[in-house]
Amino acid sequence: MKEVVRRYPWPGGEGSGWADLLTREWLVTNGLGGYASGTVCGVPTRRFHGLLVASLPAPLGRTMMLNDVAAEVYLPDGRCHRLGGEEHEETSTPLPGTEYLKEFRLDAGLPVWIFSIGSSLIEKRVVLPYRQNTVHVHYRNAGGEVPERLRLRPQVHFRPHEAPLEHTSKEPYVLTAVERRYEISAGAHLPTLRLSVQGSASTFTHDPTSSPELLFRVEESRGYDARGTLWCPGHFEVLLAPGQEVTLSGSTERWEAILALQHREVLEFEHTRRHFLLDSGRTPDDDPVAADLAVAADQFVITPAGRVQDVARARAIGDDVRTVIAGYHWFTDWGRDTMISLEGLTLVTGRHQEAEWILRTFAHYVRDGLIPNMFPEGESRGLYHTADATIWFFHAIARYVAVTGDRNTLRTSLPILLDIVEHHVKGTRFGIGVDPADGLLRQGQEGYQLTWMDAKVDGWVVTPRRGKAVEINALWYNALRLLEGWTREESRAEDAARLGALADRAYRSFNERFWYAEGGYLYDVVDAEGGGNDPACRPNQVFAISLDHPVLDRARWAAVMDVVQERLLTPVGLRSLAPGHPDYKAKYYGDLRARDAAYHQGTVWAWLIGPFVDAWLKLHPDDLVRARTFLDGFVRHLGEACIGSISEVFDAEAPYTPRGCVAQAWSVAEVLRCWVKTRRPASV
């Protein structure tokens, strides 16, 4: 197997750099939407940090079940040392426990900590078996000459993973124990957390306690409640001899599933699965960035455990269900993000069957010519308030067919795609429809945010962009041309002719109406709400060049790209608004209202580097070396924030601090896709 290791060494106890440990995070997922996550130093800074966030059927959704396992090492002289820290108040000194941490690394994406205490090296690993709501926390005495006494305290706060930290259970926690099988329950409305210890012989002491109030500093900085407590039923104790290991497992699965595999098998099988993914995607042995990104991509492709009906329906016809989690920790699956991410997450990585299942899953949900914008947490029905997710669907199918040659899926999709066009021509929900005056696609309804710039707080739609948005019309033209070609290939000449006429008219109107001569770039919205055209310089204009069928006349490509490169490009993506605009915000920070005010008003979005590179290469098709340099900032970023993944957004100006979700599907997908696209041939 190829080695896929990303190291983040930490010289414990040697200075003020300890604070970096609070901003470096790790993430492990289970293929169901569930996850484990935390900081490198073990201090929970987000409400989402925990060892088992289980993905449960609706109406529960993702639920925090096991927050932490506090580990203490007792040396022969009786001294106690905690592995990892916890924070009760703001402090400027190293956190207790961090002084023992000597190394953190990701081994094929799985976190490994090395602690040095006395003469011993204690190794800790966290692994989630694929498609199980189970976590295994492994400890191994990796050095030294004497056994170490290890005490493990499971700590819990059952709640929806996005619920406030002050959320309280309806019923008290109850612990039951039968033959070394331990169960924690908090009423019939919640699942049971099952705990067990494998490896070294262990004892359990029943000693229920609540932790002192903990400070969750990231929640505090984001304007949410930031203090909470955890409940502990007691502690397990083991004697860990040199070379020996022990595993504490927590799960919401049945005991038969939990105990079906030995703890070493779980780790070995997960390593094998991850290396198989790298082999399937033909990841070169000498390309660690591609390997990191391919492993990160796996985190987002899931079977939606909560939508039981979807799974049953698909399996009845010999399919399976897949979808894409838009970002960790708080996003669910979004139609737009899924269609944009599909190529990078599945086609570039060799997961063609799963790409087909994703497309089939969303095709089933088409209503009134629209695919769902999103599926809310813990619900089975989608919301449809989006103007672009549906026309991104055409793009995703095109990329899928180009890679796989799967004409059967295309033929099955044609009636759905034609129906989508008909609904858009006649007009459908939310004011989405073709304007008969010019053939351009307009959208907008009071109180809704229908484009990807969709921030809304307390009824305030920050960037409504109602009217004829530039990327919506670029996508619409691309969809028409794609469908025109497919219908012609399938000998549907009448359909092809009608689609071609619609596309021709949209092309003429676009080039007549969207060119902003004074600025030398494209209007962001024409026929904007309130009248007139919006000259805000935004990245959305790039899609008029980057898509398979560019709607912008080629003579204007260079001018647009010069403006975008000068005013919007950063080392980690494109700004959502150019500096100098009255609404420009340099920093994405503060409470929800402050953040949403900046979300699409300057904040840098990593995923936009994808269409930028596509458009740039259309002007410079032979300069792969230069195109690759636009990705350099992401290589550095893989060692910060969520190590091994790519954040959702960044501040608009240096040092481009990462913000938002620590791991975002379309960020990873588009950087991986462009990384592979800009790879020079082996002969060069």
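The numbers here are math on the coordinates, done by the rules we state, and not lab data. All values reported here derive from a predicted model rather than from experimental measurement. Here the Cβ positions follow ideal geometry from the backbone for every residue, glycine too, while neighbour counts run over all protein chains shown.
Kirkwood-based Rg over Rh for the range 5-275 (C-alpha set), two decimals?
Reported Rg/Rh (Cα atoms, Kirkwood Rh): 0.93.
Could you let me know the centre-to-centre spacing of the range 156-214 and the range 564-634, using Cα atoms, in angstrom?
If you average the Cα positions of each part, the centres end up 44 Å apart.
Checking the cross-link filter: which lysines have an alpha carbon closer than 19 Å to that of Lys618, excluding same-chain neighbours under 8 positions apart?
Filter leaves Lys677.
With a cap of 11 neighbouring Cβ atoms within 10 Å, and only residues DSSP puts in a loop, list the GluC sites (Glu not before Pro) found in the range 455-542.
Here the GluC sites (Glu not before Pro) that fit, given the DSSP loop and packing criteria, are Glu518.
Cα axis of helix 263-280 to longest principal axis of the chain: angle in degrees, 0 to 90, nearest 10?
20
Straight-line reach from Lys585: which lysines fall under 30 Å, measuring Cα to Cα and dropping same-chain residues less than 8 apart?
Partners found: Lys456, Lys468.
Just need the relative contact order of the chain here, percent rounded to a whole number, with Cα pairs under 8 Å and 6+ apart.
It rounds to 11 percent for the chain.
Can you give the helix-only mean residue ellipticity at 222 nm for the chain, where every DSSP H stretch with n ≥ 4 adds -39500 (n - 2.57) and the sum goes over all residues, rounded to the nearest 500 deg cm²/dmol?
About -9000 deg cm²/dmol.
On a 0 to 90 degree scale, rounded to 10, what angle separates helix 665-677 from the longest Cα axis of the chain?
The answer is roughly 70 degrees.
Please go through the range 166-199 and write out the trypsin sites (Lys or Arg not before Pro) that DSSP classes as loop and that have at most 10 other C-beta atoms within 10 Å.
Listed in order of number, the matching sites are Lys170.
Jot down the per residue volume, in cubic angstrom and as a whole number, of the convex hull over the alpha-carbon atoms of the chain.
Value for the chain: 159 Å³ per residue.
Report, to one decimal in Å, the Kirkwood hydrodynamic radius for the range 512-566 based on all distinct Cα pairs.
It is 11.5 Å.
With a cap of 16 neighbouring Cβ atoms within 10 Å, and only residues DSSP puts in a loop, list the trypsin sites (Lys or Arg not before Pro) found in the range 265-357.
Arg282
Can you list the aspartates and glutamates whose alpha carbon is less than 19 Å from that of Lys170, not counting same-chain residues fewer than 8 positions off?
Glu162, Glu183
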